[in-house]
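Input: a single structure, listed below in C-alpha cells.
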Amino acid sequence: MKDLRLLLACLLASATLQAAPLPESQKIDQLLSQDWAKAGLKPNPPASDEVLVRRLYLDLAGRIPTIEEAKAYTTSQDSQKRAKLIDALLASDGYTSHMFNYWADVLRLTDNVKGRITAEAYEEWLKKQLKENTPYDKFVKNLLTTDGGVWDSGSIGFWQRDENKLDHLAYTVQVFLGTSIVCAQCHNHPFDKWSQMDYYHMAAFTYGMDTKSRGVDLNPKKPEIDKKVLQAMSGAEKKAYREKYQAERKAEEAKVNREDMQQVKRAMQDVMKPLRYTSAEWQDGKLPSLPSDYKYPDAKPGEKVEAKTLFGKDAVIKPGENRLDAFADWMTSPENPRFTAVIANRMWKKAFGVGLIEPVDELTDSTVASNPALMDYLGQLMIEKQYSLKSFLRILYNTDTYQRAATTQEVPLGETYHFTGPILRRMSAEQIWDSFVTLSKGNVDDTVDDENARLHHYLDDLSMFLGTVKSKGAEGLVQIAKEGRAKLNANQKQIDALKAKLESDKKKGIDTTAATKALAKEASTLRKASEKDILVALLGKDRADDLRQGYHPEKPDKEKRPEIDRKTLENMTKEQRKEFVKAYQRGSSRKDGLGLTSRASEQPSPARPGTFLRTFGQSDRELIQNASDDASVPQALTLLNGPAADVINNPASKLNQAIAQAGSPALKINTLYQALLSRAPTAGEQAILDTVIKERGDKAVDDVTHALITGSQFLFVQ
C-alpha cells in the first residue's frame, strides 16, 4: 500500500510538468517512477523554464543561450516549446560541435600524433558523421573496416591513432564494448576471466591492419617465387627454376636505367615524404605471435594465434570478407548485447550526468545496472531507433525526469542513484569556452567547418599523383625521364663548360672562390629544373607546384578586430572608448593564440598545455574520456585574466553592448543575470544587489560581473 501511495505521488508530481510528448519518453518515466516507489523516494521538483532552457542549450549545443534565445523560450506560451527546442538544437551545428568534443574525448582524437593531413581529415570526417547522424552501428563499422588512403576517407585516422596494434585492440574493446581487457595483454586478467590467450585471440581480428604505408613503390616489378611450387620440386628442378627466375629478374631490371630511376625518385621525394601514415591496408595473412615471455601451458612463446571472440557468438567470415569484416559485423550486431548496452548507457550518462552502469567502460559478466528494467528498455530502444543517436537522445531529453531540478547532492561511490532528476555537474572545459564565445560574439554555431577546402584540394592532387604513378609504372616513369634527358644533357654540357673555364682560371692564378659558389648554385638549379619537368609531365604545372610545396594547414583565424557601430561608440564613456581602443589594437595577442572567435571544436585538438581549455580540464587525449572537472586556483585566475577578461572589458563584446544599452546599474545587473544565468535575480538576490548598488553605484556592475562569472551558478549545468 505504501509503495502504491508513493507511485501515485510520483505520478501526480509529473502532472505539474509539461507532459512528455513521446510514448518512449513516457515509458522511461514510468520505469523510473516504479523504481522511486520501491526505494521510497520522490522525484525532484520541476525545473523552471529559465533553468531548463539553459540546461538544454548546454547539454545539446554545448553553450549557454544568448539573451534573445533564452527570452524566446521563457516567454513562449507554446505547450510544445520544449520538444520544439530539443528538435531545433539536435538539428543545429551547435550539436555537431558539442558532440565532436564528446567523441574526440572518447576516441582520443588528437592532431598532435603523426601526420597532420590524416588528423585533419579524421576530424572533418567525424564532424560529418555527427552532422549527418550516421547510425552508430554503421559509424563504428566504418571505423573498423576503413581501407585505403586518407584521400578516400578520413576515417583511417582511427587506425593511425596507435602505433601498437595490440594497444589499439584494447582501446577498441573498451570504447565500443565497455570491457577493459588491457591487463590481459601482458598476463591473465587478475580481476576478470580474460586470459592472455583470450587477448591475443581477439587481437588476431585486427592485427592485419598495416598503417605504416610509405607511399608507392617506384622500383620495377620483380617476378614472384611460387613457394608452393618450389617445395614440390626435385633438387635439379629447383635449380632450373631459380636460374629462370634470376634471368627474368635481370631482364626486368634491364628495362629500367638505374640513373633514370634515381632522377625520378629525386623528382618525387618532396611529394612522397608526407605519404607516411596516410593510408591503411588490410593484410589478410598477418597474425599476432605470443610474446617471448609467454608463461602459460596452453601454448609456447612465439606461436601464431588465430582469431576468436571473447564472448557471445563466433565471428563468422562470410564469402568475400576478411577477419576484420567478420569482427566488425560481430561487434556491431544487435545480437551483441554489450555493444548496444554500452552506447545506450553512454548516452544516458550524457543526458543525466551518471550512467545506469558505472564505470561505463568496465562491464563484466556480473555487472548489474542500477535499474535493470530501464537498462533493458534503453537497449531495445536503441535497436528500435536503428542506432540513431539523435533519435535516442531526443527521447531522453523529452522525458519528464530530465525537466526536473538537478540533484545537488553528490552520489557516494558505490551507492545507487535512482534518477529523481539529472545530476548537477560542472560544465566541461569546452562548454565554458563556448559559453564565453557566446557572450562575446553571440551565436556562432554556423562557423563549425563542414569542409576544409585547402585540405581537399591537396588530397585530390595527391590522389591524382598516386594514381598516375601507379598507372605509368616504373617503365613509364623512366620513359618520361628519358624524354627529358636531352635537356638534362644540354644542362650538363653547360655545367661542364663552366667547370672547364674555372679550371683554366685556377691555373692562371685567378681567384675562383665566388665563381665556384655561383657554379654550384647554377648546377643545382639546372638539375632541379630537369627533375621538375618530370612532375610537370605527369600532373601539369599547377598541380606539380602545389604538391611540391606540400600541405600547410590553415592557421586558426586570428581575433578579428572588434566591430562596433558608430552610435554605440558615441554613447561610450571616455574610459570605455579607451578600453575599446586597447582591444582594437591588441587583436589576437592572447597567449592561447586564439581569441573568442570560434568554438572549441574549431581549435587545436586538444589545446596546448597551459591554455584556457587545458586549464579547465580538457582531456590530453592519452586515455579514454580523460577530461577533468576538478576546480583549481589557475582556473579562478584564468576567469579573471583570460578570455573572460575580454568579455568583461571589451566594449565590442555582445555582453558589454547589451549592458551599455541597459541604462541604470540595476538594469545592467539584470542584463548580466539574463546573459550569464538566463534568469533575473531572485527576490533574495535583488535585496542584496540593491544594497551593493547603493554602496558602490556604477562600480557595482563590475563587482557583480566578476562574482557571477567566477561563481558556481554560471559554471554549473543546473
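Please treat every number below as a calculation from the coordinates, not as lab data. Being a predicted model, the structure only gives us computed values, none of them experimental. Virtual Cβ from ideal backbone geometry, glycine too; neighbours counted across all protein chains shown.
For the reader, a short list of remarks on this structure follows.
- Cross-link pairs exceeding 24 Å between alpha carbons, from the set Lys38/Lys349; Lys493/Lys541; Lys517/Lys541: Lys493/Lys541; Lys517/Lys541.
- Burial ranking of peptide ranges 700-707, 185-192 (average Cβ count within 10 Å, highest at the top): 700-707, 185-192
- Report note on the peptides 466-475, 235-244: ranked by the mean count of other C-beta atoms within 10 Å, highest first, their order is 466-475, 235-244.
- Too-long pairs where the Cα-Cα distance tops 19 Å, listed order kept, from Lys81/Lys131; Lys138/Lys212; Lys265/Lys472; Lys193/Lys313; Lys244/Lys265: Lys81/Lys131; Lys138/Lys212; Lys244/Lys265
- Spatial separation of Cα centroids for the stretch 33-105 and the stretch 140-185, in angstrom: 33
- When peptides 387-396, 283-292, 302-311 are sorted by average Cβ neighbour count within 10 Å, with the highest value leading, the order is 387-396, 302-311, 283-292.
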